[in-house]
Amino acid sequence: MAKALALLLSFLLVGSSALANPSNLKVGFYQKTCPSAETIVRDAVKNALAADPGIPAALIRLHFHDCFVRGCDGSVLLDSTPRNVAEKDSSANLGIGGFDVVDAAKSKIEAQCPGVVSCADIVAFAARDGVRSAGGVYYPVPAGRRDGRVSLAADAAKNLPGSFFNVEQLKQNFARKGLSLEEVVTLSGAHSIGDSHCSAFKKRLYSFSSAYPQDPSLNIVTLPAGSLLTRDSYNRCPVSKLDKLHFLWSLPSREEMCAFHEPNQS
């Protein structure tokens, strides 16, 4: 799954860039103009990871939320103004993070290569390094994007998939970006790491329907004791504190992922 996710992120890096002709993007774009750019970004991710294990998930989400709105143009980084609410302050981007990593990398890059490396490319590099630091594969990132100057909260709300979308809504949402159902599933694999508000899935735990208090699909598979995909979720999200707690996920083992996705295979 990690390899498939990396490949699909690579697709987004190239195919969703609204402000850069995909044919003009290339691996090693800054080799002559700022050869240390990718190393600086990688070090920024490494330093952030030492302080916050949730950084890989934040960076992957930041990149996805950037690309899915106006293309991979860095517009998610722009701040709101008195006359405009920017993407980052949209309700669709609630809890989005990773900005400090981008800022740290950008500051050091500007000190060495002022006005050369776009913020959009830094976000793309950081997402790749987040995937790698979480145990995924390394993949080359074509660069050469240009930063956007327009950032509208309404665009984020209109384009980003809702947290409570059903399968059909997700299919339609991703299809508008030229992505297949298989690619929907692959990108959803990014949720194997990071955290979630308990309130986001409390209905599945305690009030799924009149017939089933708990979503029956949660009991489809039996995973190893102590797994973060077991009924341990009840202990982590007690009914009395559902609106206050986060549920922290880590990257499952290969055995867990196979059990979760292939319950009918021996």
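General observations
- Answer from R145, R128, R149 - the residue that is crowded, with 17+ Cβ neighbours inside 10 Å, of a type in the set (K, R) and either within 21 Å of S91 (Cα to Cα) or touching a Ser or Thr at 6+ places or on another chain (Cβ under 7 Å) (or both): R145
- Matching residues in the range 67-82 - criterion: being more than 20 Å from V45 (Cβ to Cβ) and modelled with pLDDT under 95: F68, V69, R70, G71, D73
- Qualifying residue in the range 106-113 (condition: within 27 Å of R204 (Cα to Cα) and either modelled with pLDDT of 95 or more or open to solvent by 10 Å² or more (accessible area, probe 1.4 Å) (or both)): no
- Among (1) out of contact with any Gly (no Cβ under 7 Å at 6 or more places or on another chain); (2) at pLDDT 95 or above, the one test that A120 misses: (1)
- Residues of the range 104-145 satisfying the condition of being among the charged types (D, E, K, R) and under 18 Å from the mean Cα position of the chain (by Cα): D121, R128, D129, R132
- The number of residues in the range 114-125 being open to solvent by less than 10 Å² (accessible area, probe 1.4 Å) and either on the phi > 0 side of the Ramachandran plot or of a type in the set (A, V, I, L, M, F, W, C) (or both) comes to 6.
- Neighbours by Cβ (under 6 Å, 6+ apart or cross-chain): first from the range 139-158, among the hydrophobic types (A, V, I, L, M, F, W, C); second part of a loop (DSSP other than H, G, I, E, B) and open to solvent by 70 Å² or more (accessible area, probe 1.4 Å): A153/V85
- Tally, over the range 44-89, of residues that are touching a helix residue (DSSP H, G or I) at 6+ places or on another chain (Cβ under 9 Å), polar (S, T, N, Q) and surrounded by fewer than 24 Cβ atoms within 10 Å (Cβ to Cβ): 3
- Residue, surrounded by the most Cβ atoms within 10 Å (Cβ to Cβ), within the range 131-142, restricted to residues that are closer than 15 Å to H63 by Cα and among the β-branched types (V, I, T): V131
The values are calculated or read from the model by the stated rules, or taken from the named source; none is laboratory data. Since the structure is predicted, the reported quantities are computational estimates derived from the model, not experimental observations. Ideal geometry is used to build each Cβ from the backbone, glycine not excepted, and the neighbour counts take in all protein chains shown. Ligands, DNA and RNA are stripped out before the accessible areas are found, and what is left, the full protein with its side chains, is counted by its heavy atoms. Shrake-Rupley method; radii C 1.70, N 1.55, O 1.52, S 1.80 Å.
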